[in-house]
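J.: Provided herewith is a single structure, encoded as structure tokens, for subsequent inquiry.
Just so it is clear, none of the values below were taken in a lab; they were calculated from the coordinates. Just so it is clear, the model here is predicted, and its values are computed rather than measured. Counting neighbours? That spans all protein chains shown, and the Cβs are built from the backbone with ideal geometry, glycine included.
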Amino acid sequence: MEVPLLEEKKRPPTRHPRDLDAHFWSIVSALDGAQSQVTTQAKILFSSPRFATQDLVVLVASSGEYYRLAVLSRGHRALATLPPPDDIIDLLGTPGENLNPIEVAAALRAELVVSGRSPAQQERQRLDAMQEAERTEKEKQNNARDARALARSQRQEELSIAHGLERELSQIVINASDPKPSSYSNDWIEAYYKIYKQIHAGNRGREHDFLRYPTFFEPEPAPHETVITLANLRNPSDDRAIVFTGVIRLGSPTSDRFFQMIRRYLSTLARFERSQR
Amino acid sequence: MESLAYFIVSMLSLALIHSMVYNTRRLETIGYTLSIVFLQQLIAGHEDIFLICPQFPLYVSPRDEEPSPDVTMPDPEAKGVYVDHALLLPRASQTEGNRLKLSQVFSQAHSQRNQDL
């Protein structure tokens, strides 16, 4: 068997970002976490004798509608480094330890609502649930608005003492204002990212900081690029790092192009497998 | 996105992921719906080749070196992770002598509703 693709998901970005800064980090922190985990998974894949004949794997790190891609080949030097021990858990240990099946069944039964309600009662419950959801949503929006007002006044204060790029970054967050209606345009995110990158230029330590392009969102791939192009990407200052694409948003033209690229690769695998059957 | 149907179902999945009723706690597992839609499109036309597997266990174990396929007892030394979604490609081949090709065996068994291959 082969495993042509691994995907690691993290929780979706926040629905009520306080400001552009919160929105940006909500996406980045989830994708960073997913990226690091999917890297560990790829290392285990290539360490396992079960998959000894496989040479390539597509890696997807995702959160909500955002994702980053990488393609890892068996020859990559990333495989010479071990994943951090904390990333690996004991699997398939003693099954059912601390779990008594009778207790589990009883707990499950206690949580289930046995439906003996009339259609009218069910409709009433549905309406109640909807009203409750609307109330919660409103409350969240109010809280988010209060948090935004507070953050805005703090930013204004910070602005008076900040200098240079930090000041520019604060100004961008202030100018971006509130999310419309629950998100920020790509342009605001790119503006934020550009200054953020300048502030952190030269900082070492984060292996996934290297990107092919200076933008936050990955541009469309060139027509001749294939999964092999991605597999051959290297970080010039650390050839043991796996190079992921920038952020891709599902449904964007970039996403469609990468989707076609992976599909072409999978079709090749499928055609070969079919010819063997 | 390949088709209108997939576009619609992707939007529905996103609405579910961001829903205050069905995903109050912003859990990642609700997002599995979107992953499955994405993977379904990726393998469209090749459903006879690939399997979509949520929570696929990837691990290494000292037992990897021992060929004992029928052992079902726990392996306390296995170390690994569960992958949210893996695309699997089972390499199918025949181990016993049969003059038909595997694809022909599948077709024949399918037309006869015979699952005892």
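J.: If you project the alpha carbons of the range B:1-42 onto their three principal axes, what span does each projection cover, largest first, in Å?
T.: 31, 16, 9
J.: Let me ask something else about it. Running a GNM on chain A with Cα contacts under 10 Å, which residue among A:174, A:262, A:88 ends up with the highest mean-square fluctuation?
T.: For chain A, modelled as a Gaussian network with Cα springs under 10 Å, the answer is A:88.
J.: With a length cut of 27 Å (Cα positions projected on each helix's long axis) and a Kyte-Doolittle mean of at least -1.0, go through chain A and give me the DSSP H helices that pass.
T.: A:20-47, A:253-276
J.: Also, quick follow-up: Mind jotting down the three principal axis lengths of chain A based on Cα atoms? Whole angstrom, largest first.
T.: The Cα atoms of chain A stretch 64, 57, 38 Å along their principal axes.
J.: Go ahead and set up a Gaussian network model of chain A, Cα springs under 10 Å, then flag whichever of A:244, A:258, A:51 fluctuates most.
T.: Greatest mean-square fluctuation among the candidates belongs to A:51.
J.: Residue B:79: which lysines have alpha carbons under 20 Å from its alpha carbon, excluding same-chain residues fewer than 8 sequence positions away?
T.: By straight Cα distance, residue B:79 reaches A:43.
J.: What is the spin-label model distance, in nm, from residue A:249 to residue B:16 if the labels are put 7 Å beyond Cα along the C-beta direction?
T.: About 2.3 nm, to one decimal.
J.: Could you pull out every one of the aspartates and glutamates with an alpha carbon less than 16 Å from that of residue A:10, ignoring same-chain neighbours closer than 8 positions?
T.: Counting by Cα, and skipping residues close in sequence, residue A:10 has these aspartates and glutamates nearby: A:32, A:65, A:87, B:28, B:84.
J.: Within the range A:52-90, list the residues whose amide N lies under 14 Å from a label point set 7 Å along Cα→Cβ of residue A:268.
T.: A:55-58, A:71-74
J.: What lysines could a cross-link reach from residue A:180, if we take a straight Cα to Cα line under 18 Å and drop same-chain neighbours fewer than 8 places away?
T.: A:138, A:140
J.: Sticking with this one: Full extension from residue A:146 to residue A:132: what is 0.36 nm times the residue separation minus their Cα-Cα distance, to one decimal in nm?
T.: Additional length available on full extension: 2.9 nm.
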